[in-house]
Amino acid sequence: MRLSQLLVPTLREIPAEAEIPSHILMLKAALMRKLASGVYIYLPLGQRILRKVEQIVREEMDRAGSQEVLMAALIPAELLKESGRWDVFGPEMFKLKDRNERDFCLGPTHEEVFTDLIRNEVKSYRQLPLILYQIQTKFRDERRPRFGVMRSREFIMKDAYSFDVDWEGLDKSFNKMYEAYCRIFDRCGLKYLVVEADSGAMGGKDSKEFMVISSIGEAAIAYCDNCGYAANEEKAECLINQEIVEEMLPKEKVYTPNVRTIEELVNFLGITPNKFVKTLIYKGKDNVVAALVRGDRDLNETKLLNILGIREEELELADASIVEKVTGAKVGFAGPIGLKGEVIIIVDNEIPEMRNFIVGANETDYHIKNVNYGRDFKADVVADIKNVIEGDKCPRCGSPLKIDRGIEVGHIFKLGTKYSDALGAKYVDEGGNEKPIIMGCYGIGINRTVAAIIEQHHDEKGIIWPMSVAPYHVIIVPVNVSNEAQNRVAEDIYAVLQKEGIEVLIDDRDLRAGVKFNDADLLGIPIRITVGKKVDDGIVEIKLREKEEAEEVKISDVVEKVKNIIKEKM
RNA sequence: CGGGAUGUAGCGCAGUUGGUAGCGCACGUGCUUUGGGAGCAUGGGGUCGGGGGUUCAAGUCCCUCCAUCCCGACCA
């Protein structure tokens, strides 16, 4: 392709709307433009990159025995109503009506559509197992689209669904997908962690997320360098990390006027936050919950939800009136001793190991010192309800955990019979018995994967594409197009490389060399062939985007050399 | 949905106490130049986000709506 004819309007200045590298570079390098908040259009180079990633995904899905299909983006309401998700999704779903006032939505995900296909077409165990996938546009009306393509309202997703006769079959399908995902992200040149995630109230188990480590990631991950354990912050278990050293002291009420927060207590009493225990009052589905964690810890609401067995929207922090009612004091003095009414007390498992800590007195302006679990109060449940922090012990091997942020590019999990039960997807087994089909689902965000690749592969000049996803492998830059000899050599190399089937660009624009070099760097084409003054000596340069120095090569050797580099780096 | 900010040429921005709307880049033309974002000359391009109001006069002040971005909440 000739750069003079390609639509690549690169930007010289950083667009005001972008803040993170991948967003800035996708706009600067003219891969895409914004159409509306969270809605992007792709220019020729951007489209080629999407295609490259999709192609890798196709090859690996096919290799794993999955079959490609294409569902509809426009989905009739009845299907979502059957599974109950028409209301669950709420405003996040783009809903619309047809001319006859029938309800539709733009598919935010496709479990129901796939399940519907299977319940209609699969009747016997002889037709199973089956893994189907599609690459298709999804629509989610996110409350806050972010960071360009990282969290957008319209995006391309590869979603796969497995259908098996039993759980052992599901395990096999799940493992196939797991391996396929590893191969996909390896081929994309990504460094990633496979992380245990919480499948929450959605049911299912063995939920794993593929996270690309990046400071701009939206999720925190706890991981262990020693044994390889990695989990989503919400999911990561905390081991008890304390040794009892002190003797119990007699408890004692202390006057703490207007001292409510941990920070104020630390200042007032001059004691470190880990000597306090904070009591958080929540309003659950049908009762009030008091959750206790150490003063320097954060409560993990996901863990709390799982213990209570309720859904996210059923739990909220109690308002002042409820707090005052159950504690008999103003907000800021809640404690576990002497709570009024039916209050479920859930205590973090670290607390029974603490000695002589400080809690609220359930009396305005007072706290209690030297409180001890067991002697002074008891809980309904003792469990891990806190967030991990850097340095906590790995639940598997005990080494200190590290915490980083990650971009979720893939998510796989075992659905079981959630959708097959809801929609009645059954098969008949060998014995003639009707049974529900066991399902799994597996997603990859294609655009987000592209953005994640850029986050991990760029420098101050621009993108540095891995060969596998580069929009073109080679860019030929004649330094001066008005120089007859340079032009001729560049065109010759271009013609040969094209004939060899190599994806090659030639920058035939009548621009100064500096502009062309800067554009080539910005676009991130892995191999640059510079055709300059030395053509008269039969020499051109090969420069790799990832390296500083160029290498001089004989014109007669260029093509062979380039072919070898590509082969080596694919 | 709460908090913060922004909206002026394709892009990045300036515009003072209200008084003829500007700069750089980009774009067109001509000449010179040509190994890391050239120089000179010349030309074109604006509902100043929309609507309403105050005023002799509004990019500027007031009201309102919209859009976009950031932080948070939320996110099968």
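Numerical summary
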{"read-out": "Strands (runs of 3 or more DSSP E) contained in the stretch A:350-431 and holding at least 3 residues open to solvent by 40 Å² or more (accessible area, probe 1.4 Å) and either over 23 Å from A:LYS205 (Cα atoms) or of a type in the set (D, E, K, R) (or both)", "value": "A:402-416"}
{"read-out": "Qualifying residue in the stretch A:90-103 (condition: away from RNA strand B (no atom under 16 Å from the Cβ) and crowded, with 16+ Cβ neighbours inside 10 Å)", "value": "no"}
{"read-out": "Flag for A:ALA29 being surrounded by fewer than 17 Cβ atoms within 10 Å (Cβ to Cβ) and either within 14 Å of RNA strand B (Cβ to nearest atom) or at pLDDT below 95 (or both)", "value": "no"}
{"read-out": "Residue that is assigned by TED's automatic domain parsing to the domain that holds A:ASP429, in contact with a Ser or Thr (Cβ under 9 Å, 6 or more places away or on another chain), buried (at least 19 other Cβ atoms within 10 Å of the Cβ) and at pLDDT below 95, where the choices are A:ASP164, A:ASP198, A:ASP159, A:ASP206", "value": "A:ASP198"}
{"read-out": "Test: residue in the stretch A:35-42 that is under 30 Å from A:LEU497 (Cα atoms) and either more than 7 Å from RNA strand B (Cβ to nearest atom) or not hydrophobic (A, V, I, L, M, F, W, C) (or both)", "value": "yes"}
{"read-out": "Every residue from the stretch A:1-26 that is without any contact (Cβ under 8 Å) to a residue 60 or more places away in the chain and open to solvent by 40 Å² or more (accessible area, probe 1.4 Å)", "value": "A:GLN5, A:LEU7, A:PRO9, A:LEU11, A:ARG12, A:GLU13, A:ILE14, A:ALA16, A:GLU17"}
{"read-out": "Residue match in the stretch A:134-141 (condition: under 30 Å from A:GLY309 (Cα atoms) and of a type in the set (D, E, K, R))", "value": "yes"}
{"read-out": "Where a residue in the stretch A:291-313 is in a loop (DSSP other than H, G, I, E, B) and its partner, wherever it lies, is within 12 Å of RNA strand B (Cβ to nearest atom) and open to solvent by 20 Å² or more (accessible area, probe 1.4 Å), with Cβ under 6 Å and at least six apart", "value": "A:ASP298/A:ASN387; A:ASN300/A:ASN387; A:ARG311/A:ALA201"}
{"read-out": "Wholly within the stretch A:466-570, strands (runs of 3 or more DSSP E) carrying at least 3 residues that are farther than 21 Å from A:ALA30 by Cβ, near RNA strand B (Cβ under 10 Å from one of its atoms) and assigned by TED's automatic domain parsing to the domain that holds A:LEU27", "value": "none"}
{"read-out": "Residue count for the stretch A:279-290, restricted to those that are among the basic types (Lys, Arg) and without any contact (Cβ under 8 Å) to a residue 24 or more places away in the chain", "value": "0"}
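The values are calculated or read from the model by the stated rules, or taken from the named source; none is laboratory data. Keep in mind it's a predicted model, so treat the numbers as computed, not measured. Glycine gets a Cβ as well: all are built from the backbone with ideal geometry, and neighbour counts include every protein chain shown. For the accessible areas, the whole protein counts, side chains as well, though only heavy atoms, and no ligand, DNA or RNA atoms are used. Shrake-Rupley method; radii C 1.70, N 1.55, O 1.52, S 1.80 Å.
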